[in-house]
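Colleague: Once you've had a glance at the structure underneath, I'll fire off some questions.
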Amino acid sequence: MTGFTRRRIVQSMLFGGTALVLPSGLIAAEYGRGEGMPWSPFKGEPPYHGTHADSFFTPAEREAVAAICARLIPSDDDGPGATEADVVTFLDRQMAGFYGRGQHWYMRGPFAEGTATQGYQSRFPPAMLYRNALAELDAYCRTRHDAVFAGLTEELQDEVLTGLDEETLTFESVSAKTFFDLILKNTIEGFFADPIYGGNRDMVAWRYIGFPGTRYDYRDFVGHDGAPIQLATVSLTGRPGWSAP
Amino acid sequence: MTRELPGVDVVLVGFGWTGAIFAEKLTAAGLDVLALERGPWRDTAKDFATTFAQDELRYYWRHGMFQETSQSTLTFRNNSAQTALPMRHWGSFLPGNGVGGAGVHWNGQTYRFLPSDFVARSHNEERYGRLPEGMTVQDYGVTYEELEPHFDYFEKICGICGKAGNLGGSTVEGGNPFEGPRSDEYPNPPMEMTFSQDRFAAAARELGLSPFPVPSANMSRAYVNPLGLQLAPCTYCGFCEKYGCGNYSKSSPQTTIIPVLMQRENFTLRTETEVLSIETAADGSRASGVTYVDTSGETVFQPAEIVVMCAYPLENTRLMLLSGIGTPYDPRSGEGVVGKNYCYQVMSSATVFFEEEFTNGFVGAGALGMTVDDYNGDNFDHSKLGFIGGGYIACHTTNARPIESHPVPEGVPGWGSEWKRAMRENFLKTTTVGVHGASMAHRSNYLDLDPTYTDAHGRPLLRMTYDFTLNDRRLTDHITPIAEEIARGMGGREVKVNALNGSYDSTPYQTTHNTGGTIMGSSPADSVVNRYCQSWDLPNLFVAGAGLFPQNAGYNPTGTVGALAYWAAEAITEQYMRQPGPLVQA
Ligand SMILES: Cc1cc2nc3c(=O)[nH]c(=O)nc-3n(C[C@H](O)[C@H](O)[C@H](O)COP(=O)(O)OP(=O)(O)OC[C@H]3O[C@@H](n4cnc5c(N)ncnc54)[C@H](O)[C@@H]3O)c2cc1C
Ligand code: SF4
């Protein structure tokens, strides 16, 4: 008899501890009882990354979003922007999925505006916030400049976006500032997320800034001492040379 | 209808870091232990494999492993004149969910609090006179000396990599000269540092400070812990905090304890079971067990001889309030204890931008860093400073994950071509000197139940009322300039100071170091549990986690959380099991 089981008897007298006897199948998941670490193949959850079928934006919305992203992260002499990275496709898939629906967010009322320190308080989840804001944005641009946002010059587009950012331009149905902050955040996400999500196409954004991507072992480089490290960029699906000739 | 199950010796509410610690110690003592965990089963092979663990969008920005706010969140306001509103998605902190809890996706910076931190009221009053009115700082009721063996054991379980600075009272070169006396060296040597830490250490020494390696739960070499579990060398992958480790290189419940528990016949784990309340026996003398709901929606009563709350400070506090255990704290009268002394962490930093040199932040790890403790706790004279406590000043290289980390110099706009270029120019050429400041308790900062908002089961959310205090502001105003001075000595082109200004903002990530709410102490009038983490009201109810801290120190909490869990587990096996009842007479 091990010390372990002996102690167990001692305690049982103290506590009258009863071993669990449970009809199996009643409980969602139970582990232990000396069975070791559970494992079965292919049980890891795949990420939601969106495919061609996952689309939320109307053609007009898509055009507006693409135009906004292109101003937030422009394509210029210095390198690729949201357009080359196809950020709009990333956003379209995100809005069509759990994120756009606000499925994991707390979306119960009552809704109130709140202070800046209280964070997102829109009654709309992201996708519907986009939809409402984009409609008002195009309506504003039509009244003011006789064209939808996507049809404006880059200078005018920047002016309108600055208005949203600095809260000189407001909307009726949703907070223009909340929309601006969210689309900026989402655009940065789409630019730099793994290409599996539809943006950062061909890892253009990672290569632009020198991020080697999803590598997992830098032990050989810890002693870099301030020198640059040259490594080919890798994504979750691999890299050209591994996954394509 | 609630189904009643056969009883067990011990039920653990939540199965993260503290749940695993209690499970190991109490099963080893022969008790039949059942852990109830709200989230799913998780382990390395299935959930953190190196072929997909490094997915920034999924795990950080889409909250892949955190508690889902749609199920339960909390409401927040800066002061009691405001109306609290729900945190609709996480920002400032990221509560864990699932087996391993936040221990899966922590950084692994594993400090011991200073001896004076445990006696914050008596120590500071003795040295500096009475604390200001409204500052509800108090002593823990347990001392550093009592916890020392448990700090030591937790460090060995984790295989912490570091350098002792005080071995049994003698100062050791290269470690933290201010730390409390240690009975032993760290089980593993410090991690290998990078360029940024070298520059930081040199600049700090130049100022007469004493830099030492951050005690790290990322392995500097292969290690076998006292339970026989093996950890592998960290690969500096740069996807540590907010991510699971694919290499078995980060100490977590999964890598250091759970595989052993899974071999024990007297351990059972039920996942996807959310505890709704702690039940009290009809005569009010003890906890009778817990009620939980599983994914089928069925509610179940699980009787137990001992209940240990391991559900993280925020949920531990809420469960106590929902279960009507202990007197809720009333900020107007200052009476009551549950929800009292909520504290956080006071953070600021200075970013260094280099011109020529590359910091290569992607070569990073959660606890890779050098730090100084000269301005922590009471390691410096506070006479006439108007505040108590302090913080460590550290230079970490944890990552260069581009959605999260894109520091740009002062004056650069937040979007457009100029931003994009500045991002490219500086992405691999910056590092940060951060201040990790203590947060002292104040009468006006507390947790209670929200009167309006409810969770997915229709029960009140926890309400947080919190803002930085005068002590916090003076502390950060005093120490941030020192961080800036170190940063300026590191040889960069420019330095940008990120001072702590204005009210506490619940939106940007700061730390998941929420403390208080179920505080420990020496009297039922001012604490929820006694020095053994045992409820003053129900002697078979024990509480774990940073909710025990009467106020937060200038360190990450988990080293002290682990030590307190081992201390309390020992009190159960050595004292309570022999003679069940209150371990301290009220
Ligand atoms: C991103 C991040 C980085 C961090 N980095 C550091 C660091 O570098 N150093 C440091 O010291 N600390 C760090 N921490 C904090 C550290 O993770 C926590 O201190 C530690 O995990 C706390 O242990 P715990 O057992 O109290 O809670 P957890 O480990 O979070 O476990 C609590 C468990 O209880 C479960 N639970 C909650 N409510 C219920 C319920 N009603 N019913 C059933 N189960 C429930 C949860 O799902 C969870 O699994 C970090 C945390 C985060 C999130
Ligand atoms: S940095 Fe090291 S310990 Fe952290 S996740 Fe990567 S390999 Fe694991």
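The values are calculated or read from the model by the stated rules, or taken from the named source; none is laboratory data. Bear in mind that the values here come from a model prediction, so they are computed numbers and not experimental data. Virtual Cβ from ideal backbone geometry, glycine too; neighbours counted across all protein chains shown. These accessible areas exclude ligands, DNA and RNA; they are computed on the full protein's heavy atoms, side chains included. Shrake-Rupley method; radii C 1.70, N 1.55, O 1.52, S 1.80 Å.
Colleague: Evaluate the stretch B:31-41: report whether one residue or more is more than 10 Å from ligand 1 (Cβ to nearest atom), among the basic types (Lys, Arg) and more than 9 Å from chain A (Cβ to nearest Cβ).
Modeller: Our first condition is that a residue be more than 10 Å from ligand 1 (Cβ to nearest atom); within the stretch B:31-41, this holds for B:31-34, B:41.
After this cut, where a residue has to be among the basic types (Lys, Arg) as well, the list is none.
Checked against the condition, which is being more than 10 Å from ligand 1 (Cβ to nearest atom), among the basic types (Lys, Arg) and more than 9 Å from chain A (Cβ to nearest Cβ), the stretch B:31-41 yields no hits at all.
Colleague: Among the candidates B:GLY30, B:GLY64, B:GLY101, which residue alone is within 16 Å of ligand 2 (Cβ to nearest atom) and either of a type outside the set (Asp, Glu) or surrounded by fewer than 23 Cβ atoms within 10 Å (Cβ to Cβ) (or both)? Talk me through it step by step, then tell me what you get.
Modeller: Values: B:GLY30 fails: within 16 Å of ligand 2 (Cβ to nearest atom); B:GLY101 fails: within 16 Å of ligand 2 (Cβ to nearest atom).
It is B:GLY64.
Colleague: Identify, from the list A:ALA64, A:ALA139, the residue that is more than 7 Å from chain B (Cβ to nearest Cβ) and surrounded by 18 or more Cβ atoms within 10 Å (Cβ to Cβ). Reasoning before the result, please.
Modeller: Values: A:ALA139 fails: surrounded by 18 or more Cβ atoms within 10 Å (Cβ to Cβ).
Among A:ALA64, A:ALA139, only A:ALA64 is more than 7 Å from chain B (Cβ to nearest Cβ) and surrounded by 18 or more Cβ atoms within 10 Å (Cβ to Cβ).
Colleague: Report whether or not B:TYR509 is open to solvent by less than 10 Å² (accessible area, probe 1.4 Å) and within 23 Å of the chain's Cα centre (by Cα).
Modeller: Values: open to solvent by less than 10 Å² (accessible area, probe 1.4 Å): no; within 23 Å of the chain's Cα centre (by Cα): yes.
Here the answer is no, as B:TYR509 does not meet what is asked.
Colleague: Okay, next question. I'd like the full set of residues that are under 22 Å from A:HIS52 (Cα atoms) and either within 11 Å of chain B (Cβ to nearest Cβ) or among the polar types (S, T, N, Q) (or both), limited to the stretch A:94-124. Lay out the reasoning, then the answer.
Modeller: First pass over the stretch A:94-124, keeping only residues under 22 Å from A:HIS52 (Cα atoms): A:94-103.
A:GLN94, A:GLY97, A:PHE98, A:TYR99, A:ARG101, A:GLY102, A:GLN103 - these are the residues of the stretch A:94-124 that are under 22 Å from A:HIS52 (Cα atoms) and either within 11 Å of chain B (Cβ to nearest Cβ) or among the polar types (S, T, N, Q) (or both).
Colleague: Considering each residue of the stretch A:142-180, count those that are open to solvent by less than 60 Å² (accessible area, probe 1.4 Å), within 22 Å of A:PHE124 (Cα to Cα) and of a type in the set (Val, Ile, Thr), and give that number.
Modeller: 2
Colleague: I'm told B:ASN556 meets every condition in (1) in contact with a helix residue (DSSP H, G or I) (Cβ under 8 Å, 6 or more places away or on another chain); (2) within 16 Å of ligand 2 (Cβ to nearest atom) except one. Can you identify the failing condition by its number?
Modeller: Result: B:ASN556 fails condition (1) only.
Colleague: Is there a residue being in a loop (DSSP other than H, G, I, E, B), more than 16 Å from ligand 2 (Cβ to nearest atom), more than 14 Å from every other protein chain (Cβ to nearest Cβ) and of a type in the set (Val, Ile, Thr) anywhere in the stretch B:528-548? Explain how you work it out, then say what you get.
Modeller: First, the residues of the stretch B:528-548 that are in a loop (DSSP other than H, G, I, E, B): B:528, B:530-533, B:536-540, B:544-545.
Pick out the ones that are also more than 16 Å from ligand 2 (Cβ to nearest atom) and you get B:528, B:530-533, B:536-540, B:544-545.
Filter once more, so that each one left must be more than 14 Å from every other protein chain (Cβ to nearest Cβ): B:528, B:530-533, B:536-538, B:544-545.
Next, only the ones that are of a type in the set (Val, Ile, Thr) stay: B:528.
Yes, the stretch B:528-548 has at least one match.
Colleague: Still on this model: With open to solvent by 40 Å² or more (accessible area, probe 1.4 Å), in contact (Cβ under 8 Å) with a residue 40 or more places away in the chain and either under 30 Å from A:PRO74 (Cβ atoms) or not in a strand (DSSP E or B) (or both) as the only criterion, which of B:GLU356, B:GLU315, B:GLU410, B:GLU418 stands out? I'd like the intermediate steps shown before the answer.
Modeller: On the way: B:GLU356 fails: in contact (Cβ under 8 Å) with a residue 40 or more places away in the chain; B:GLU315 fails: open to solvent by 40 Å² or more (accessible area, probe 1.4 Å); B:GLU418 fails: in contact (Cβ under 8 Å) with a residue 40 or more places away in the chain.
Being open to solvent by 40 Å² or more (accessible area, probe 1.4 Å), in contact (Cβ under 8 Å) with a residue 40 or more places away in the chain and either under 30 Å from A:PRO74 (Cβ atoms) or not in a strand (DSSP E or B) (or both) holds for just one of B:GLU356, B:GLU315, B:GLU410, B:GLU418, which is B:GLU410.
Colleague: Please work out if B:HIS89 is open to solvent by 10 Å² or more (accessible area, probe 1.4 Å), within 9 Å of chain A (Cβ to nearest Cβ) and in a loop (DSSP other than H, G, I, E, B). Spell out how you get there, then give the answer.
Modeller: Working: open to solvent by 10 Å² or more (accessible area, probe 1.4 Å): yes; within 9 Å of chain A (Cβ to nearest Cβ): yes; in a loop (DSSP other than H, G, I, E, B): yes.
It is true that B:HIS89 is open to solvent by 10 Å² or more (accessible area, probe 1.4 Å), within 9 Å of chain A (Cβ to nearest Cβ) and in a loop (DSSP other than H, G, I, E, B).
Colleague: Go over the candidates B:ALA394, B:ALA367 one by one and state the one that is within 16 Å of ligand 1 (Cβ to nearest atom), part of a strand (DSSP E or B) and under 23 Å from the mean Cα position of the chain (by Cα). Quick ask: steps written out before the conclusion?
Modeller: Numbers: B:ALA367 fails: part of a strand (DSSP E or B).
On inspection, the qualifying residue turns out to be B:ALA394.
Colleague: Let me ask you something else. If I ask for residues that are of a type in the set (D, E, K, R) and free of Cβ contacts under 8 Å to residues at least 40 places away in the same chain, which ones from the stretch A:198-245 would you list? Quick ask: steps written out before the conclusion?
Modeller: Looking only at the stretch A:198-245, we keep the residues that are of a type in the set (D, E, K, R), and these are A:201-202, A:207, A:215, A:217, A:219-220, A:225, A:239.
Scanning the stretch A:198-245 gives A:ASP202, A:ARG207, A:ARG215, A:ASP217, A:ARG219, A:ASP220, A:ASP225, A:ARG239.
Colleague: Quick one: in the stretch B:281-302, of everything that is crowded, with 18+ Cβ neighbours inside 10 Å and within 9 Å of another protein chain (Cβ to nearest Cβ), which residue is modelled with the highest pLDDT?
Modeller: B:VAL300
Colleague: Residues in the stretch A:74-89: is at least one modelled with pLDDT under 90 and among the aliphatic types (A, V, I, L, M)?
Modeller: Pass one, the stretch A:74-89, residues modelled with pLDDT under 90: none.
Checking the stretch A:74-89: not a single residue is modelled with pLDDT under 90 and among the aliphatic types (A, V, I, L, M).
Colleague: Can you pull out every residue in the stretch B:185-204 that is assigned to a loop (DSSP other than H, G, I, E, B) and surrounded by 24 or more Cβ atoms within 10 Å (Cβ to Cβ)? Full working, then the answer.
Modeller: Going through the stretch B:185-204, the residues assigned to a loop (DSSP other than H, G, I, E, B) turn out to be B:185-187, B:189-194.
Of everything in the stretch B:185-204, those that are assigned to a loop (DSSP other than H, G, I, E, B) and surrounded by 24 or more Cβ atoms within 10 Å (Cβ to Cβ) turn out to be B:MET191, B:THR194.
Colleague: Report whether or not B:ASN107 is within 16 Å of ligand 2 (Cβ to nearest atom) and in a loop (DSSP other than H, G, I, E, B). Reasoning before the result, please.
Modeller: Details: within 16 Å of ligand 2 (Cβ to nearest atom): yes; in a loop (DSSP other than H, G, I, E, B): yes.
Answer is yes for this residue.
Colleague: Okay, next question. Could you tell me which residue of the stretch B:205-230 is farthest from ligand 1 (Cβ to nearest atom), considering only residues that are in a loop (DSSP other than H, G, I, E, B) and within 13 Å of chain A (Cβ to nearest Cβ)?
Modeller: B:ALA222
Colleague: What are the residue pairs meeting all of these: first residue in the stretch A:96-108, first residue part of a helix (DSSP H, G or I), second residue modelled with pLDDT under 95, Cβ atoms under 8 Å, and 6 or more apart or on different chains?
Modeller: Final answer for the pair search is A:ALA96/A:GLY50; A:ALA96/A:ASP54; A:PHE98/A:TYR48.
Colleague: Could you please find all residues in the stretch B:241-270 being over 29 Å from B:PRO539 (Cβ atoms) and either at the interface with chain A (Cβ under 7 Å from one of its Cβ atoms) or modelled with pLDDT under 95 (or both)?
Modeller: Hits for the stretch B:241-270 are B:GLY246, B:PRO259, B:MET262, B:GLN263.
Colleague: I would also like to ask the following. Please indicate, with yes or no, whether at least one residue in the stretch B:440-450 is away from ligand 1 (no atom under 16 Å from the Cβ), under 23 Å from A:SER75 (Cβ atoms) and in contact with a Phe, Trp or Tyr (Cβ under 8 Å, 6 or more places away or on another chain). Even if it seems obvious, please write down each step before you answer.
Modeller: At the first step, the residues of the stretch B:440-450 found to be away from ligand 1 (no atom under 16 Å from the Cβ) are B:440-446, B:448, B:450.
Of the ones still in play, those that are also under 23 Å from A:SER75 (Cβ atoms) are none.
Checked against the condition, which is being away from ligand 1 (no atom under 16 Å from the Cβ), under 23 Å from A:SER75 (Cβ atoms) and in contact with a Phe, Trp or Tyr (Cβ under 8 Å, 6 or more places away or on another chain), the stretch B:440-450 yields no hits at all.
Colleague: Look through the stretch B:245-280, keep the residues that are in a loop (DSSP other than H, G, I, E, B) and more than 16 Å from ligand 1 (Cβ to nearest atom), and return whichever of them is surrounded by the most Cβ atoms within 10 Å (Cβ to Cβ). Lay out the reasoning, then the answer.
Modeller: We begin by selecting, within the stretch B:245-280, every residue in a loop (DSSP other than H, G, I, E, B); these are B:245-249, B:251-252, B:257, B:262-266, B:272.
Next cut, more than 16 Å from ligand 1 (Cβ to nearest atom) only: B:246-248, B:262-266.
On the way: B:GLY246: 21, B:ASN247: 20, B:TYR248: 21, B:MET262: 18, B:GLN263: 13, B:ARG264: 18, B:GLU265: 15, B:ASN266: 28.
Among residues in the stretch B:245-280 that are in a loop (DSSP other than H, G, I, E, B) and more than 16 Å from ligand 1 (Cβ to nearest atom), the one surrounded by the most Cβ atoms within 10 Å (Cβ to Cβ) is B:ASN266.
Colleague: Among the residues of the stretch B:231-244, write down those that are open to solvent by 20 Å² or more (accessible area, probe 1.4 Å) and within 16 Å of ligand 1 (Cβ to nearest atom). So that I can check it myself, show each step before the final result.
Modeller: At the first step, the residues of the stretch B:231-244 found to be open to solvent by 20 Å² or more (accessible area, probe 1.4 Å) are B:232-233, B:241.
If the condition is that a residue be open to solvent by 20 Å² or more (accessible area, probe 1.4 Å) and within 16 Å of ligand 1 (Cβ to nearest atom), then B:GLU241 is the only one that fits.
Colleague: Of the conditions (1) in a loop (DSSP other than H, G, I, E, B); (2) surrounded by fewer than 18 Cβ atoms within 10 Å (Cβ to Cβ); (3) touching a Leu at 6+ places or on another chain (Cβ under 8 Å); (4) more than 10 Å from chain B (Cβ to nearest Cβ), A:GLN230 fails just one. Which one is it?
Modeller: That leaves (3) as the condition not met.
Colleague: Moving on. List pairs: first in the stretch B:91-103 and closer than 14 Å to B:THR515 by Cα and within 6 Å of ligand 1 (Cβ to nearest atom), second not in a loop (DSSP other than H, G, I, E, B) and not hydroxyl-bearing (Ser, Thr, Tyr), Cβ under 8 Å, 6+ apart or cross-chain?
Modeller: Going by the 8 Å Cβ cut-off, the qualifying pairs are B:LEU94/B:PHE66; B:LEU94/B:ALA102.
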